[in-house]
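Just so it is clear, none of the values below were taken in a lab; they were calculated from the coordinates. Bear in mind that the values here come from a model prediction, so they are computed numbers and not experimental data. Please note: Cβ atoms are built from the backbone with ideal geometry, for glycine as well, and neighbour counts cover all protein chains shown.
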Amino acid sequence: MSKIGKIIWFTGLSGSGKTTLAGALRNELLGFGKTCEILDGDAVRSSLNRHLGFSRADIRENNKLLAELALEKSKKYDFVLVSAISPFREDRAMARSLAGKNFIELFVDCSLEKCIERDVKGLYKKALAGEINNFIGVSASNPYEIPENPDFAVKTVIEPMEESLSKLLAFLGFESSKINIYES
């Protein structure tokens, strides 16, 4: 029987800390001797799904591809970390149905106000100025549907990333006394 790894689906608004947390978790898991791969929603969109925009249908198509890629990679890795806004509950449910019991929905909980304040990529500023249409969480056509029953949640709006990582590691059954999210 072949091994199937865990798929951890990081969902949250743009700027909530999904990619930072996924990268930090990857470093920790590698330190524990685990194999790990990160799938970033933006990277997959820009490399494999360049033709897609940000309509609801396009977002759903990108999330479907992410789920399929994650499932395929879970046959080769102990952990596949998917970092994607993934705003629609039905898409996260679809990913869960593909992966089955190996799926972990991780809600990276950060308020829209805090994400706007962080605005690392300058996208919220553009969306609020009307320069970007269909921006998730800002546009009425693309709301972010908060997970109703995620498997795990971290509150990056109020806790330091190191604390979120420590809690996540404990949830996954690992402990680390030397967490440094900035090591690569």
Exercise for the section: Any chance you could run the full-extension gain for Ser139 through Leu30? It's 0.36 nm times the residue separation minus the Cα-Cα distance, nm to one decimal. Expected result: 35.4 nm
Exercise for the section: Quick one: work out Rg over Rh on the C-alpha atoms of region 1-147, Rh as Kirkwood radius. Expected result: 0.97
Completion exercise
Most fluctuating of Ala129, Ala153, Ala93 in the GNM of the chain (C-alpha, under 10 Å) is Ala129
Exercise for the section: Report, by chain and number, residues whose modeled amide H sits under 5 Å from the one on Leu39, excluding near sequence neighbours (fewer than 5 apart, same chain). Expected result: Leu81, Val82, Ser83
Handout entry: Value of relative contact order over region 74-184, rounded to a whole percent, pairs C-alpha under 8 Å and six or more apart
Key = 26 percent
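Run lengths n ≥ 4 of DSSP H only: what is the helix-derived mean residue ellipticity at 222 nm for the chain, with -39500 (n - 2.57) per run over all residues, to the nearest 500? Provide the component values of the computation, followed by the final result.
Details: 7 runs with 74 residues, N = 184.
Result for the chain: -12000 deg cm²/dmol, rounded to the nearest 500.
Once you have the alpha carbon radius of gyration of region 76-184, what is it after dividing by 2.2 N^0.38 Å, with N set to its residue count?
Working: Rg = 15.9 Å, N = 109, 2.2 N^0.38 = 13.1 Å.
Against the empirical 2.2 N^0.38 Å value, I get 1.21 for region 76-184.
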Exercise for the section: Scan the chain and report its longest stretch carrying no GluC sites (Glu not before Pro) that are both in a DSSP loop and have at most 16 other Cβ atoms within 10 Å. Expected result: 1-130
Problem - Selected from Asp42, Asp78, Asp91 as most flexible by GNM, with the chain as the system and alpha-carbon contacts under 10 Å - result: Asp42
Completion exercise
Exposed trypsin sites (Lys or Arg not before Pro) being those in a DSSP loop with at most 14 other Cβ atoms within 10 Å, the longest stretch of the chain free of them is 122-177
Practice task
For region 63-128, state what percent of all Cα-Cα pairs lands in each successive 5 Å bin, counting from 0 Å until the bin that includes the largest distance.
Solution key: 3, 14, 23, 19, 13, 13, 10, 4, 0
